[in-house]
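Undergrad: Quick one: the structure is below, and I'll ask about it shortly.
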Amino acid sequence: MTSLPEDPSSLIRDDDRDTAVQRLQEAYAEGLISHEELDERLHQVLTARTRSEVMSPLASLPPENAGTTSTIAAAGGRIRRRGAWRVPRQLKVASAFGRVHLDLSRAVIEYPVVDIELQLGTGRAKITVPRDATVEFEDLHAGWKDTHYKPLRRSPSGGPTIRISGTMGYGRLKIRHARR
């Protein structure tokens, strides 16, 4: 099921709608839905106004490549992901030197749990999670500075769980929830 970063009654953005259309087209190409189902579901997505209306046609689809791990790696420099990008079930981020910024606030998260493994030498990292996400980082080992995370006053509900693990050498991980 696709998880979008806002509450179910919020208006849907064009990039979220485009992602839903792409997922339906992929499901049709994989033989998961018939041509008639594709037409019906595309109509629902294209006329949807809220998050819940766009999620409904995607709810019965199986997760995409649930067993795969994607890796983002760089020897030095910046690693940055933001906007409407598709977050894999397992994401490994490796960098010897440089900064890392992962912004999941507008990303398409199709899994109830996302595992992010950090393997960082030096440099700081920042992860922005959706407002309704739950964050777990007990399996993260920092060699120099503690992780900076200020949970929301209200306990989030309905969103994905973001589990962060791995090792950071010199640098600090800052985790924050999206403002909107």
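Since every read-out is calculated from the coordinates, none of them should be taken as a lab result. In this text, all values refer to a predicted model and were calculated from it rather than measured experimentally. Methodologically, a virtual Cβ is constructed for each residue, glycine included, from the backbone with ideal geometry; neighbour enumeration extends over all protein chains shown.
Undergrad: With everything on Cα atoms, drop me the angle between helix 14-29 and the longest principal axis of the chain, reported from 0 to 90° to the nearest 10.
TA: The angle comes out near 70 degrees.
Undergrad: Treat the count of other C-beta atoms within 10 Å as a stand-in for reagent exposure and order 56, 157, 105, 95 from fewest to most.
TA: Working: 56 15, 157 7, 105 19, 95 23.
Placing the least packed residue first, the sequence is 157, 56, 105, 95.
Undergrad: Run the helix sum for the chain: -39,500 (n - 2.57) per DSSP H stretch of 4+ residues, divided by residue count, reported at 222 nm to the nearest 500 deg cm²/dmol. Each step should come with its number before you reach the end.
TA: On the way: 3 runs with 34 residues, N = 180.
After summing the helix terms and dividing by residue count, I get -6000 deg cm²/dmol.
Undergrad: Have a look at 87, 165, 46 and report the one farthest towards the positive end of the charge dipole of the chain, computed about the Cα centre with Cβ charges (Lys/Arg +1, Asp/Glu -1).
TA: Sorting the options by dipole projection puts first 165.
Undergrad: Let me ask another. Any idea what angle helix 35-47 forms with the longest principal axis of the chain, computed on alpha-carbon atoms, 0 to 90 degrees, nearest 10?
TA: On a 0 to 90 degree scale, this one is about 70.
Undergrad: Before anything else, pin down the relative contact order of the chain: Cα pairs under 8 Å, at least 6 apart, normalised by residue count, whole percent.
TA: Numbers: 410 pairs, mean separation 37.8, N = 180.
Relative contact order, the chain: 21 percent.
Undergrad: Same structure, new question: Taking other Cβ within 10 Å of each residue's Cβ, how do 137, 97 sort, fewest first? Let's see the in-between values first.
TA: On the way: 137 18, 97 15.
Starting with the residue having the fewest Cβ neighbours, the order is 97, 137.
Undergrad: Also, quick follow-up: Among 101, 43, what is the fewest-to-most ranking by other Cβ atoms within 10 Å? Mind showing how you got there, number by number?
TA: Details: 101 15, 43 11.
Ordered by Cβ neighbours within 10 Å, fewest first: 43, 101.
Undergrad: Note the listed values (1) 44, 40, 34; (2) 56, 35, 24; (3) 66, 36, 26, then indicate which one is Cα extents along the principal axes in Å calculated from this particular structure.
TA: (2)
Undergrad: Also, I was wondering about something else. Going through the range 70-130, which trypsin sites (Lys or Arg not before Pro) have at most 14 other Cβ atoms within 10 Å and a DSSP loop state? Intermediate results must be reported in sequence, preceding the final value.
TA: Working: sites: 78, 80, 81, 82, 86, 89, 92, 99, 106, 124, 126; in loops: 78, 82, 89, 99, 106, 124.
The qualifying sites are 78, 82.
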